[in-house]
1. What are the residue pairs meeting all of these: first residue in the stretch 182-196, first residue under 22 Å from residue 245 (Cα atoms), second residue buried (at least 19 other Cβ atoms within 10 Å of the Cβ) and of a type in the set (Phe, Trp, Tyr), Cβ atoms under 7 Å, and 6 or more apart or on different chains?
2. Any residue at all in the stretch 226-234 that's farther than 25 Å from residue 140 by Cα and in contact with a strand residue (DSSP E or B) (Cβ under 6 Å, 6 or more places away or on another chain)?
3. Tell me which of these residue 198 doesn't satisfy, since it passes every other one: (1) over 18 Å from residue 231 (Cβ atoms); (2) open to solvent by 40 Å² or more (accessible area, probe 1.4 Å); (3) not β-branched (Val, Ile, Thr).
4. What number of residues in the stretch 120-147 are crowded, with 19+ Cβ neighbours inside 10 Å and away from ligand 2 (no atom under 14 Å from the Cβ)?
5. Six or more apart or on different chains, Cβ atoms under 9 Å: show the pairs whose first residue is in the stretch 100-114 and farther than 18 Å from residue 197 by Cα and open to solvent by 40 Å² or more (accessible area, probe 1.4 Å) and whose second is of a type in the set (A, V, I, L, M) and at pLDDT below 95.
6. Give the residues of the stretch 202-256 that are outside any helix (DSSP H, G or I), among the hydrophobic types (A, V, I, L, M, F, W, C) and open to solvent by 30 Å² or more (accessible area, probe 1.4 Å), sorted by residue number.
7. Of these, 144, 107, 180, 150, which one is within 17 Å of the chain's Cα centre (by Cα), at pLDDT 95 or above and over 22 Å from residue 227 (Cβ atoms)?
8. Restricting to the stretch 57-88, give me the number of residues that are open to solvent by 20 Å² or more (accessible area, probe 1.4 Å), more than 15 Å from the chain's Cα centre (by Cα) and of a type in the set (Val, Ile, Thr).
Amino acid sequence: MTGKVSKEPIRNNQTDMEQSTKARGDRCTAILLAAGKGLRMGGETRKQFMDVSGMPLFTYSLQTMDTCDIITDIVITVPEGDQEYCRETIDTCGLGGKVRKIVVGGRERCFSVHNALQAVDWPCDYAFIHDTARPFIEESTMERLYDEVRINKACVAAVPSKDTVKISDTEGFVVQTPKRKNVWIVQTPQVFDFELIKTAHEKMVEQYDELLKKGVIITDDAMVAETFTGNKVKLVMASYRNIKVTSPEDLVTVFAYMKEKK
Ligand code: CTP
Ligand code: MG
C-alpha cells in the first residue's frame, strides 16, 4: 500500500468507546522522538530511518505504541523536510491509527520534546516520551510506567547498573564511587503528568541559555522535571533489552534481538 498522503490529523477516528480498558479512561499521548542527526551512528541515512529487518528503525517503537492499549494518541518529531516521508512510511506500514501529528523537532532533543508537547491540542493526561532509537520497548514496561505515573506523576524506565560507576573531575581523576546498588541506567519511556512536564519544559526553554552558561546540559526529561518541578521522579524497572541504538556496534545486538523476535 502506498500513495495517498493524508494531512494532519492523519487519522482521528477513535471514539471514547473504542478507548482501551487498560487506559482506565486516561488519555495517554506517546511522544516519539525521531528528529536527531544520528551523528554517532554515521552513514548516509539518519539512524532512525535506517532499514532494520525490512522496516525503518523508528517504526518499531511506533508499532509497539500503536498496539499498546494504554496509548491513545501519538505525536512524532522528525527533522525538517522529512514530514512527508514519515507520513508515507507510516501509512505504508499501516501504523497511522493513533498518529495525530508529525512535527518538526528542535536543535537538541529537549527542544524536540518541547515542540511535541506544544503541539498536543487534544485532551492528554499523561505523556510517554520515548526515543525511537529504542526499538525494543516492551508492553510490560509500559504497564509498570503507567501504574507508577498515576501515583507519582513522574517516572522513568531504568535498569540497575551492572557496572561500577565513577564520578570524575574535569581532569579525569576519580572523585567519587557511588554505591552500585543506587546506580541506575536510565532509558525511555519517561512518563509524566502532561501539565507538569509541559510547564517544566516551558521553563527549561526560557532558562536554557543561562543553564548552558553554567555548564548544565539537559540530557533527558527526568532532568527537566528534577530541575523545574518539586515532583520527585520515580525509577521503574525496565528491561536490559531496551537498548538505544547509538553507534555502529549496537547494530550487532539489534540484529540478534530481531532474529530472536521472529
Ligand atoms: N532526537 C530528537 N531531536 C533531537 C535530537 C535527538 O528527536 N534534536 C531523538 C533521536 O532521533 C533519538 C532520540 O532523540 O530517537 C535519542 O537521541 P540520540 O540517541 O542522541 O540520537 P541522535 O541525537 O540522532 O544521535 P547523535 O547524538 O549521535 O547525533
Ligand atoms: Mg543525540
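The values are calculated or read from the model by the stated rules, or taken from the named source; none is laboratory data. Keep in mind the model is a prediction, meaning the values are calculated, not measured. For neighbour counting, all protein chains shown are included, and Cβ atoms are generated from backbone atoms with ideal geometry for every residue, glycine included. Areas reflect the complete protein model, heavy atoms only, side chains present, ligands, DNA and RNA absent. Shrake-Rupley method; radii C 1.70, N 1.55, O 1.52, S 1.80 Å.
1. 189/128; 191/126; 191/128
2. No, the stretch 226-234 contains no residue that is farther than 25 Å from residue 140 by Cα and in contact with a strand residue (DSSP E or B) (Cβ under 6 Å, 6 or more places away or on another chain).
3. Among (1) over 18 Å from residue 231 (Cβ atoms); (2) open to solvent by 40 Å² or more (accessible area, probe 1.4 Å); (3) not β-branched (Val, Ile, Thr), residue 198 violates only (1).
4. 14
5. 101/10
6. 216, 217, 233, 235, 237, 243
7. Criteria check complete, one pass: 144.
8. So the answer is 1.
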